[in-house]
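The numbers here are math on the coordinates, done by the rules we state, and not lab data. Remember, predicted model here, so these are calculated numbers, not experimental data. Don't worry about glycine lacking a Cβ; one is built from the backbone with ideal geometry, like all the others, and counts go over all protein chains shown.
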Amino acid sequence: MENPSRPVTGYPAPNPNGHPAHPYPAPPPPLSQPYNYPPYYHPAAPPPYPNPRRSFFRTLLVATVAFFVIFGSVLLIFWLVVRPHLPEFQLSSLSVSNFTVNQSRLTATWDAHYRAYNPNKKMTISYYDVVSYIVFKYDVLSSTQIPPFKQDTRIQTDFTAKFSIIDSYVNGKLVDDLNSERTHGLVTFDVKLEGIAGFRYGGWRARRRLIRVLCNNVPMNVSSSSGGSGNFVGGPRNCKVKMVVCNAILFLALP
């Protein structure tokens with residue numbers, strides 16, 4: 001009698017895990033596409049071509065900003081180290097003699113004494129082409145040249161100016177104004193200085209600047225009974241200083 005546990009020939013042996021056995025291997029899974037194509041990539045867009053004009057202006061702007069920053073820093077450091085100041089001027093005295101007004105003719109002689117002070121600790125000042133003026137009602141009556149001079153640091157310099165006008169023509173309105181003030185005992189003049197100032201710090205020399213000194217409204221006791229002579233009233237007067245720097249005017253009003 002045959003053994004019942006022996007498998008029948010021609011049938012696959014039972015799977016010991018309990019799953020039914022197949023007589024043939026499982027077919028491969030179906031392909032989604034009949035052929036395998038390589039993946040397709042879009043080419044990257046070329047970078048935009050730089051605008052040469054925009055690049056030029058950007059470079060110019062950066063260079064300009066850098067220049068002003070560096071220049072401003074240098075000026076700030078220089079100012080902190082040197083601390084430049086405008087000079088100070090004083091009209092010490094003013095006298096007049098032979099002051100006569102005859103119809104439209106004017107004769108007079110003025111003597112002015114000035115005092116200049118350099119308040120800088122580290123900068124010297126040199127003055128060139130200095131001219132002084134006697135002015136009445138915006139009209140220049142007389143002018144004179146003052147020799148050049150130099151001031152070291154923190155030093156005072158006294159100098160004089162002499163003005164003379166002899167039988168010079170003046171317009172009728174000016175004559176009337178002079179006689180009107182003279183009848184009240186006081187005639188008011190303006191005394192002005194104008195010249196070139198050069199500042200120097202060690203081996204460094206700044207560009208020369210135009211300097212103006214204004215001593216305005218100086219009253220003089222020139223009355224009709226004084227014989228044409230007189231002096232200014234009120235004692236020494238501090239003057240205003242103006243200096244032209246880069247088309248800008250710096251003002252210094254002394255106390």
For region 142-147, in residue order, the Karplus 3J(HN,Hα) values (coefficients 6.51, -1.76, 1.60; θ = phi - 60°; whole Hz; Gly and Pro = x) are 7, 9, 8, 8, 10, x
Note: Thr144 to Leu186 extended length (0.36 nm per residue) minus current alpha-carbon separation gives 12.7 nm
A chain fully extended from Ser229 to Arg54 at 0.36 nm per residue, minus the present Cα-Cα distance, gains in nm 55.5 nm
FRET efficiency for Val131 and Arg200 from the Cβ-Cβ distance with R0 = 30 Å, rounded to 0.05, comes out at 0.85
Taking a label point 7 Å from the Cα of Arg208 along Cα-to-Cβ, the residues of region 105-141 whose backbone nitrogen sits under 20 Å from it are 116-118, 123-133
Surpassing 25 Å at the alpha-carbon level, of the pairs Lys121/Lys240; Lys122/Lys192; Lys121/Lys162; Lys122/Lys162; Lys162/Lys240, are Lys122/Lys192; Lys121/Lys162; Lys122/Lys162
Applied in sequence order to region 176-188, the curve 6.51 cos²θ - 1.76 cosθ + 1.60 (Karplus, θ = phi - 60°) yields integer Hz couplings, x standing for Gly and Pro, of 5, 5, 5, 5, 5, 5, 5, 5, 8, x, 9, 10, 9
Protection proxy (average C-beta count within 10 Å per residue), highest first, orders 127-139, 158-170 as 127-139, 158-170
Note, Asp177: beta-carbon cut-off 10 Å, +1 each Lys/Arg, -1 each Asp/Glu, net 0
One point scatterer per Cα, no solvent, Debye formula: log10 I(q)/I(0) for region 47-172 at q = 0.10, 0.11 Å⁻¹ comes out as -0.59, -0.64
Here the gain from full extension of His85 to Asp158, 0.36 nm per residue of separation minus their alpha-carbon distance, amounts to 24.4 nm
